[in-house]
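Everything below concerns the one structure shown next.
Throughout, read-outs are computed from the coordinates displayed, never taken from laboratory work. As the structure is a prediction and not an experimental result, all values here were calculated from the model. Every residue, glycine among them, receives a Cβ derived from its backbone with ideal geometry; neighbour counts consider all protein chains shown.
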Amino acid sequence: MAAEHSHAPATSSHGNGHGDADDGAVHVHIAPSGFYWGIFLALIFLTVVTVRVSYFDFGSANIIIAVLIATVKASLVAAFFMHLRHDKLFNTISFLAAFLFLAVFILLTYDDLGYRGKLDYAYGGKVDAHTGQAAPGGEPATSATADSVEHEGPPGAAGEHGGGAHGAAGGHEKHEK
Amino acid sequence: MANVSESVGHGHDHDAHDAHPSFLQHHFDTPAQQFNASKLGMWVFIATEILMFGGLFCAYAIWRGLEPQVFDDAHHFLNKILGATNTVVLLFSSLTAALAVRSAQVGKRTMTSVYLVITIVCAAAFLVVKYFEYTHKIHLGLLPGHCFGHPGFSGAIQNGEEVGTCLRIHADSAPGMPQWVKAVDESGHVQVLSPRANMFFGLYFVMTGLHGVHVIVGMSILGWVLYKNQKGAFSPAYFTPVDLGALYWHLVDLVWIYLFPLLYLVGKPE
């Protein structure tokens, strides 16, 4: 019976056992079932909203709206279904750290794509897309790279970006051999 | 059972070691310490899972930035209604997983099992819907890479037009390369997709495929938790595996919450 009493704070629905004396037992916040159903209904509502909204065109804001709604949904799941709201703060920090590093990963990749030199067929080497000057770093323009780029296939169906990137990669390989 | 909770409840310093409950590994001092360590381990694992999917989301962001028009055309081949149905199924299974944890926390063992079974059934339903989506795309010749528009996938007649066939628009295009694909999209429009659209379907199949693998793994984990629960392994003093299994399942839900709008919904409506 003593056990029952010591667990009472954990099993009651307001259930805040954090302030209790440390008896070594597991104390967690236990939300009422109705609360979880409420979160579920909110998630369904947001799903309906994001589908309905997708039938309207907001141009480039489409993806921003979709990701914002998804982030609200994900926050609800993480905070309440996954108990982060009443969990140790360090667990939340570990979780959010993943998104921080993911953001670093994506932003650096974007930065690289935006500022790497583009292959210029007429020049036969890489050119900075913003200044029009020969791009710093990477391979210097040589006849070998220019040749191999032309053999890599015409840019016809392939887009400038895609074709250029493939051509550059192929040119590198051939040159190194 | 009663023994276990009693020994936890007393928790005097001097008898903490003598009265070791059976679920407490001997390198932990208290059940709370063990519980918190398990949780932290799970959250670090979840962080690595997010980074694994993150690579694919990065690829998605890059290719969508490079080829917005192709992504826009190709995403009309995904069925919004099926995607939304699967979203609701996964959200509901997340609810039942959370309720399974709650039942375990308050010691309702039968309800824990019931909720776990509902969760696993929802996971299976998700995979069935995914199966129909995959087969439809494969029959249209939308498998990525050299399969894209491959003549091996027989054409079909839809809306009175021969579709789902490979179109050798460039006679000199190399065999084994992605081809143009003519097919009826989900709005009923006949579309001719550029070979570059195979990148969209590559991302679609890899992202939803990796997610599908997680669904199967999640089903296995929850099945094991169900088995242990039936054997009476859990109590309000010890429900860590139910909690962590549910956390994994919520992760599967989290990934889908982003996959659904990014693959099915963004782009111009037709």
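What to note about this one:
- Gap separating the Cα centres of the range B:53-87 and the range A:27-57, nearest whole Å: 23 Å
- Scoring B:98-104, B:46-52, B:197-203 by mean Cβ neighbours within 10 Å over their residues and listing the highest first yields B:98-104, B:197-203, B:46-52.
- Listed by chain and number, the lysines whose C-alpha is less than 21 Å from the C-alpha of residue A:126, apart from same-chain residues fewer than 8 away, are A:118, A:174, A:177.
- Proximal lysines relative to residue B:130, as straight alpha-carbon distance under 18 Å, when same-chain residues fewer than 8 apart are discounted: B:80
- Shielding by other protein chains, B:106-113, mean Cβ within 10 Å: 1
- Among B:62-72, A:23-33, the order from most to least packed when residues are scored by Cβ within 10 Å on average: A:23-33, B:62-72
- Legend: mean number of C-beta atoms from other chains within 10 angstrom of residue C-beta atoms, peptide B:230-237, equals 2.
- Inter-chain Cβ neighbour count for B:83-91, averaged per residue, equals 4 (cutoff 10 Å, partner chain atoms only).
- Loop-resident sites, the range A:70-122, for chymotrypsin sites (Phe, Trp or Tyr not before Pro), counting at most 15 other Cβ within 10 Å (DSSP): A:121
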